[in-house]
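Visitor: Have a look at the structure that comes next, please.
The values are calculated or read from the model by the stated rules, or taken from the named source; none is laboratory data. Note that the coordinates shown come from a computational prediction; the quantities given were computed from them, not determined experimentally. We place every Cβ from the backbone using ideal geometry, glycine too, and count neighbours over all the protein chains shown. Areas reflect the complete protein model, heavy atoms only, side chains present, ligands, DNA and RNA absent. Shrake-Rupley method; radii C 1.70, N 1.55, O 1.52, S 1.80 Å.
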Amino acid sequence: MKLTADKIREKTCPACGHHVAVQFMKENLQPLATLAWPRSEQAANTLPGLPQDFIRCIRCGHIYNHDFKYEDVPYSDNPNLMFNKGKIWSDFIVDVQNKIQTYLPENPIVIEIGHGDGSFLASLHRLCGSGTFIGYDPHGAQHDTNTEVQGLYFKNELFKPVQLFSEMKPDLIVSRHVLEHLVNPLGFLQSVAFASNHFKTFPLTYFEVPCIDRVLESGRTVDFYYEHSSQFTSKSFNEMLHQSTLSINEIGYGYKKEVIYSFCTIKDSGFPAQYIDESLTFYENAENSLVEIKHQLQNIFESGKKIAIWGGTGKSAAFMCRYQVDKDRFPVVVDSDKFKVGTYVPGTGQEIKFCDWLVENPVDIIIIPPQWRAKDIITEIESNNILYGQVLIEHNGVLVDFKTEQHPY
Ligand SMILES: [Zn+2]
């Protein structure tokens, strides 16, 4: 089939983060396949249809429904219970659990993300005999204090990596048949790796998802339905782990390659902590400057001095919106650009005048929001013989006098 422009999509791959994909399989609107649970024929026939436009990442081969929305899947109404009591499946689970056990220390701390009916975590706990085993699943089995087993806990809450790693040092993180339901599985794994790095706790991880290598070999179509928005190939699963700074110890398959799993250790990502520190500090300073500059503006207003803002769009409009420079207290806005004259400041509504208005109507204070242009603007003000008392710019969270105070402009 010939490649045409309409078959290429600029979408972000949930497995590797690449942004170009190609058309793969499109369905007419179809209802949820596993989670709708209609209780009557009429309910079954009138279920809402959901869009399915599966596309394939050209870099890692991952297949995904880019129209998928997590909120369309009613996990809170109907639990997503995997029903598989077959012998091959049970043997696979036993194998996996035996393998997990060989990796674990005595009295391990084991976390399962999305514990579902809780049976996997409960049997792993039985196999290990001791330790702390905690499942996180907002819609999974509930913890029952009546039948409580020492060391086995089920929490009906979302797994939050930063919170968990700040509270404990898990030896193992397990997640089975969860990643394929997420809009952004790569982002989720990167968040786990980030928290692990930040708190210098590097547990083993076990992730398991359906694998579609055989689907592709045999041209199967029924595997593509709404709830499974992300369909992993061996390559895309590996690529996701790689992009999440997970170091692969072992990749394996179950159920004749219908399932793929990984044992990985989270690596030291080497990402600089500086970005986190800088961002949190910037955030805090920006919050403080909001209070401080609003306070300064109110004092200036109450002083009765005449004020003009130089600039009515871009950075100047951002300044006026952020600090609530309203039309009633600060009606005068001028601009050097004639094309902006007669338009109004977005968000605060002052009509923008041409700057020569200040020749006839001088003010005491001119505020110039774009700091890096202030010097040029002052030259313009002075060459136009505009009189003024003071020019203020914003610097380090306060308004400072351009001529008498310290700043880098
Ligand atoms: Zn990809």
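Visitor: If you go through the range 365-376 one residue at a time, do you hit one that is touching a residue at least 24 places away in the same chain (Cβ under 8 Å), assigned to a loop (DSSP other than H, G, I, E, B) and loosely packed, with under 13 Cβ neighbours inside 10 Å?
Guide: No, every residue in the range 365-376 fails to be touching a residue at least 24 places away in the same chain (Cβ under 8 Å), assigned to a loop (DSSP other than H, G, I, E, B) and loosely packed, with under 13 Cβ neighbours inside 10 Å.
Visitor: Which count do you get for residues in the range 296-328 that are farther than 20 Å from V400 by Cβ, more than 36 Å from the chain's Cα centre (by Cα) and surrounded by 14 or more Cβ atoms within 10 Å (Cβ to Cβ)?
Guide: Of the residues in the range 296-328, 1 are farther than 20 Å from V400 by Cβ, more than 36 Å from the chain's Cα centre (by Cα) and surrounded by 14 or more Cβ atoms within 10 Å (Cβ to Cβ).
Visitor: In the range 231-285, how many residues are of a type outside the set (K, R) and over 22 Å from the mean Cα position of the chain (by Cα)? It would help to see each step written out before you state the result.
Guide: The first filter runs over the range 231-285 and keeps only residues of a type outside the set (K, R), leaving 231-234, 236-255, 258-266, 268-285.
If we keep only those that are over 22 Å from the mean Cα position of the chain (by Cα) too, we end up with 233-234, 247-255, 258-265, 285.
So the count comes out to 20.
Visitor: Right, next: What are the residues in the range 213-259 that are of a type in the set (K, R) and either in the same structural domain as A33 (by TED's automatic domain parsing) or touching a helix residue (DSSP H, G or I) at 6+ places or on another chain (Cβ under 7 Å) (or both), if any?
Guide: K257
Visitor: Kindly list the number of the only condition in (1) of a type in the set (D, E, K, R); (2) open to solvent by less than 40 Å² (accessible area, probe 1.4 Å); (3) farther than 20 Å from I300 by Cα that fails for D401.
Guide: That leaves (3) as the condition not met.
Visitor: Conditions first: (1) aliphatic (A, V, I, L, M); (2) open to solvent by 70 Å² or more (accessible area, probe 1.4 Å); (3) free of Cβ contacts under 8 Å to residues at least 24 places away in the same chain. L387 passes all but one, so which condition is the exception?
Guide: (3)
Visitor: Further, regarding this structure: Condition test on D137, is it touching a residue at least 24 places away in the same chain (Cβ under 8 Å) and of a type in the set (D, E, K, R)?
Guide: Working: touching a residue at least 24 places away in the same chain (Cβ under 8 Å): yes; of a type in the set (D, E, K, R): yes.
For D137, the condition - touching a residue at least 24 places away in the same chain (Cβ under 8 Å) and of a type in the set (D, E, K, R) - is met.
Visitor: Tally up the residues in the range 55-69 that are more than 10 Å from the ligand (Cβ to nearest atom) and aromatic (F, W, Y), please.
Guide: Result for the range 55-69: 1.
Visitor: So which strands (runs of 3 or more DSSP E) are wholly in the range 1-65 and hold at least 1 residues that are surrounded by fewer than 17 Cβ atoms within 10 Å (Cβ to Cβ) and among the aliphatic types (A, V, I, L, M)? Explain how you work it out, then say what you get.
Guide: Working: elements: 8-10, 20-30, 50-57, 63-65.
It comes to 8-10, 20-30.
Visitor: If I filter the range 5-54 down to residues being in contact (Cβ under 8 Å) with a residue 24 or more places away in the chain and over 24 Å from V178 (Cβ atoms), which single residue comes out as nearest to the ligand (Cβ to nearest atom)?
Guide: V20
Residues are listed down the side, and each one gets a yes or a no for (1) open to solvent by less than 40 Å² (accessible area, probe 1.4 Å); (2) in a helix (DSSP H, G or I):
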residue	(1), (2)
F237	yes, yes
I251	no, no
T265	no, no
D268	no, no
Y275	no, yes
S279	no, yes
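Visitor: May I ask you to list the residues in the range 227-281 that are among the charged types (D, E, K, R) and within 16 Å of the ligand (Cβ to nearest atom)?
Guide: K235, E239
Visitor: Under the condition of being more than 11 Å from E112 (Cβ to Cβ) and part of a loop (DSSP other than H, G, I, E, B), which residue from the range 129-140 is farthest from the chain's Cα centre (by Cα)?
Guide: Of the range 129-140, the ones more than 11 Å from E112 (Cβ to Cβ) are 129-132, 138-139.
Those still in the list that are part of a loop (DSSP other than H, G, I, E, B) too: 129-131, 138-139.
Working: G129: 37, S130: 36, G131: 33, P138: 19, H139: 21 Å.
Per the criteria, the residue is G129.
Visitor: Right, next: Picking from S191, S218, which residue would you name as being modelled with pLDDT of 95 or more and surrounded by fewer than 19 Cβ atoms within 10 Å (Cβ to Cβ)?
Guide: Answer to the check: S191.
Visitor: Could you figure out which of (1) under 25 Å from V259 (Cβ atoms); (2) at pLDDT 95 or above; (3) of a type outside the set (F, W, Y) isn't true of V183?
Guide: Looking at each condition in turn, V183 falls short on (2).
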